[in-house]
Amino acid sequence: MNNSAPDSASLQFLGAAGTVTGSKHLVTYNDKRVLLDCGLFQGLKELRLRNWQPLEVPPAAIDAVVLSHAHIDHSGYLPLLARQGFKGPVYCTSATADLLRVLLLDSAELQEEEADRALQEGAKEIKILGEMVPVNAKIETLDGLSAHADQGEILEWLSGFTKAPRQTYLVHGEGPKMQSLAEVIRQRLGWEVRPAVDGEIVSLQ
């Protein structure tokens, strides 16, 4: 007779749920925890302040981090995670590791956000990797634009699945746009899909 406890698996959204920034998703399997992405919150002050709030799980209790890519909103929280007690490995591609060596030098002091604000305010030079660099461009601010895949590219990628997932959660987007994308996926692919809720824990069993 097997008296061992049944396996348990869950997914918790710690960022990029209801917003496009601060990507962190905690996968828990029994007593093992893996953090998928470790990003900084950027943009609005109310989002940036979340970078200084404690995580829902102690960093020392996280066994490993897996990075999808090197963008600061997916990797920039790593220095803070390490400072708060994380000691595990970080897994990523070699190309991502090469980029992180450059990007994390600035993200450690949140210099990217300072540069963004300075550019929008018309600064003539900004600090990059500790050096002042002249700005030889006219900066325009575009609202509601993402440098990630657009709806058509997302649908094309999802259409390549040979089997529909049991449930699909949308992250890295905001409000009505996420609801609209979910509806398109439901209509075209017939999938069960909805936006993730910040802080939500879902079972993977």
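Applying the Karplus parametrisation 6.51 cos²θ - 1.76 cosθ + 1.60 with θ = phi - 60° to the phi angles of the stretch 12-23, what ³J(HN,Hα) value in whole Hz is obtained for each residue in order, glycine and proline being reported as x?
10, 8, 9, x, 6, 10, x, 8, 9, 9, x, 4
Rank these for me by crowding, ARG186, ARG117, going from fewest to most other beta carbons within 10 Å.
Neighbour counts put them in this order, fewest first: ARG117, ARG186.
Residues with amide H under 5 Å of VAL66's amide H, sequence separation 5 or more or different chain, H placed in the peptide plane at 1.01 Å from N; which?
LEU35, LEU36, ASP37, TYR91
For a Förster distance of 22 Å, can you work out the FRET efficiency between the beta-carbons of LYS45 and GLU121, rounded to the nearest 0.05?
0.90
Which length gain, in nm to one decimal place, applies between THR162 and GLN187 when the Cα-Cα distance is subtracted from 0.36 nm times their residue separation?
Result for the pair: 7.3 nm of gain on full extension.
Test of understanding: ordering TYR77, TYR29 by Cβ neighbours within 10 Å, fewest first, what list do you get?
The order, fewest Cβ neighbours first, is TYR29, TYR77.
According to a simple spin-label model (label point 7 Å from Cα along Cα-to-Cβ), what is the distance in nm between ILE201 and VAL34?
1.9
Run the helix sum for the chain: -39,500 (n - 2.57) per DSSP H stretch of 4+ residues, divided by residue count, reported at 222 nm to the nearest 500 deg cm²/dmol.
Result for the chain: -8500 deg cm²/dmol, rounded to the nearest 500.
Taking the beta-carbon count within 10 Å as an exposure proxy, list ASP7, ASP116, ASP73 from fewest neighbours to most.
The fewest-first ordering by Cβ neighbours comes to ASP7, ASP116, ASP73.
What angle, in degrees between 0 and 90 and rounded to the nearest 10, separates the Cα long axis of helix 94-107 from the longest principal axis of the Cα atoms of the chain?
Value to nearest ten degrees: 50.
Between ILE126 and residues 5 or more places away or on another chain, which pairs have amide H atoms under 5 Å apart, with H built 1.01 Å from N, and which residues are they?
Distant-sequence amide H within range of ILE126: VAL133, VAL135.
Measure up LYS138/LYS177; LYS24/LYS138; LYS124/LYS177; LYS45/LYS177; LYS45/LYS124 against 27 Å on the Cα-Cα distance and list the ones that go over.
In this structure, LYS138/LYS177; LYS24/LYS138; LYS124/LYS177 lie more than 27 Å apart at Cα.
We did not get these values from a lab; they are worked out from the coordinates using the rules stated. Note that the structure is a prediction, hence the values are computed from the model and not measured. Ideal geometry is used to build each Cβ from the backbone, glycine not excepted, and the neighbour counts take in all protein chains shown.
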